[in-house]
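Report on one structure; see the data block that follows.
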Amino acid sequence: MSIRRNLDHISARLPLWHLHWYVTLDSTQLEAQRLIDEGCLDHTAIVSQEQTAGMGRLGRRWHSESGQGLYLSAILRLELPPAHLPGLTLALGLAAKRTIEETAELDCDLRWPNDVLVAGRKVCGILTQMHNGAVIAGIGINLNQRDFPLEIDDIATSLDREGASNFSREDLLVRLLDYIEEYTQLYCRDGRDIVYRAFRMNSTYVQGKRVIVEQDGRSLRGVTDGLDADGFLILRAETGERITILAGGVRPVI
Ligand code: BTN
């Protein structure tokens, strides 16, 4: 059943959350910013069937055709110093991975900092932003796409393309919001190290992976060597240097 027709039922399953559902939006992130500016409640969640200006990390676009993906922004009023925001993305990745694995029954990998992969291709991306003191956790999950634009067709996938179509979208959304709450609480209450440890255990990218990283216009090659105290990735570069990766795009060396 579609999420829209079932909205009352979904809201009843998510007593903590204030759900806003749209047919189309520019971006659920932008709508979240507008709602924060209007003073919305903590745990406001925005879902849109389509986004005309879906936003990805590093200024990229997030393809958001109608009905092809889950496009969600969750507003969290957390007591979080801005320096702890990057690490929160790792907690959200764990929430998304667990949601997909339990709902679509597909094994997932996490690629630092914000990608969920199935069979090595990206199925879900996370964009964590701060606006007027509130966190906006933006999550996009590719559901039905059979084809992607040419430039990402060999690096992106969807749950359907990986053979998972027989699951409830309602369950996916409910589980995702439940786990967002669980993992952000874990991060804020029980400490960042617990989340970093869980991330390490759920990601083949954190330790010993040969990668190329694009950072500050440089292409760095090396082997990953763990996370630092703020959740940033450490790269042992071919030059022997240990480099902290703050925001680059990480690709495997094939
Ligand atoms: C990335 O991997 O680059 C992050 C992608 C984040 C996409 C989601 S879809 C819901 C929310 N609204 C947006 O405009 N972006 C995020």
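The values are calculated or read from the model by the stated rules, or taken from the named source; none is laboratory data. Quick caveat, the model's predicted, so the values are computed rather than measured. Don't worry about glycine lacking a Cβ; one is built from the backbone with ideal geometry, like all the others, and counts go over all protein chains shown. All accessible areas refer to the heavy atoms of the entire protein, side chains included, with ligands and DNA or RNA removed. Shrake-Rupley method; radii C 1.70, N 1.55, O 1.52, S 1.80 Å.
Could you list, ordered by first residue, the pairs with Cβ atoms under 7 Å in which the first is in the range 28-52 and without any contact (Cβ under 8 Å) to a residue 60 or more places away in the chain and the second is among the small types (Gly, Ala, Ser) and open to solvent by 50 Å² or more (accessible area, probe 1.4 Å), at least 6 apart or interchain?
Pairs that qualify, where the first residue is without any contact (Cβ under 8 Å) to a residue 60 or more places away in the chain and the partner is among the small types (Gly, Ala, Ser) and open to solvent by 50 Å² or more (accessible area, probe 1.4 Å), are Gln49/Ser66; Glu50/Ser66.
Within the range 44-92, take every residue that is part of a helix (DSSP H, G or I) and within 10 Å of the ligand (Cβ to nearest atom) and give me the one that is surrounded by the fewest Cβ atoms within 10 Å (Cβ to Cβ).
Gly59
Can you find even one residue in the range 96-104 that is of a type in the set (S, T, N, Q), surrounded by 22 or more Cβ atoms within 10 Å (Cβ to Cβ), within 16 Å of the ligand (Cβ to nearest atom) and over 30 Å from Ala229 (Cα atoms)?
No, the range 96-104 contains no residue that is of a type in the set (S, T, N, Q), surrounded by 22 or more Cβ atoms within 10 Å (Cβ to Cβ), within 16 Å of the ligand (Cβ to nearest atom) and over 30 Å from Ala229 (Cα atoms).
Based on what the data block shows, is Leu220 touching a residue at least 40 places away in the same chain (Cβ under 8 Å), surrounded by 12 or more Cβ atoms within 10 Å (Cβ to Cβ) and either touching a Ser or Thr at 6+ places or on another chain (Cβ under 9 Å) or not assigned by TED's automatic domain parsing to the domain that holds Leu58 (or both)?
It is false that Leu220 is touching a residue at least 40 places away in the same chain (Cβ under 8 Å), surrounded by 12 or more Cβ atoms within 10 Å (Cβ to Cβ) and either touching a Ser or Thr at 6+ places or on another chain (Cβ under 9 Å) or not assigned by TED's automatic domain parsing to the domain that holds Leu58 (or both).
Identify the residue in the range 108-154 that is part of a loop (DSSP other than H, G, I, E, B) and within 13 Å of the ligand (Cβ to nearest atom) and, among all such residues, is surrounded by the fewest Cβ atoms within 10 Å (Cβ to Cβ).
Within the range 108-154, the match that is surrounded by the fewest Cβ atoms within 10 Å (Cβ to Cβ) is Leu143.
Does Leu235 satisfy being under 19 Å from the mean Cα position of the chain (by Cα) and either modelled with pLDDT of 95 or more or exposed (fewer than 13 other Cβ atoms within 10 Å of the Cβ) (or both)?
Answer is no for this residue.
For the range 53-91, what are the residues that are in contact with an Asp or Glu (Cβ under 7 Å, 6 or more places away or on another chain), closer than 24 Å to Ser203 by Cα and hydrophobic (A, V, I, L, M, F, W, C)?
Hit for the range 53-91 is Ala83, nothing else.
Would you check if there is a residue in the range 175-188 being open to solvent by less than 30 Å² (accessible area, probe 1.4 Å) and either touching a Cys at 6+ places or on another chain (Cβ under 8 Å) or not in a helix (DSSP H, G or I) (or both)?
Checking the range 175-188: not a single residue is open to solvent by less than 30 Å² (accessible area, probe 1.4 Å) and either touching a Cys at 6+ places or on another chain (Cβ under 8 Å) or not in a helix (DSSP H, G or I) (or both).
Conditions (1) farther than 24 Å from Val253 by Cβ; (2) touching a residue at least 24 places away in the same chain (Cβ under 8 Å); (3) not polar (S, T, N, Q), marked per residue:
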| position | (1), (2), (3) |
| --- | --- |
| Lys122 | no, yes, yes |
| Leu127 | yes, yes, yes |
| Asn132 | yes, yes, no |
| Gly140 | yes, yes, yes |
| Leu143 | yes, yes, yes |
| Asp147 | yes, no, yes |
| Ile152 | no, yes, yes |
| Ala156 | no, yes, yes |
| Leu159 | yes, yes, yes |
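List pairs: first in the range 58-72 and on the phi > 0 side of the Ramachandran plot, second in a strand (DSSP E or B) and more than 6 Å from the ligand (Cβ to nearest atom), Cβ under 7 Å, 6+ apart or cross-chain?
Leu58/Gly249
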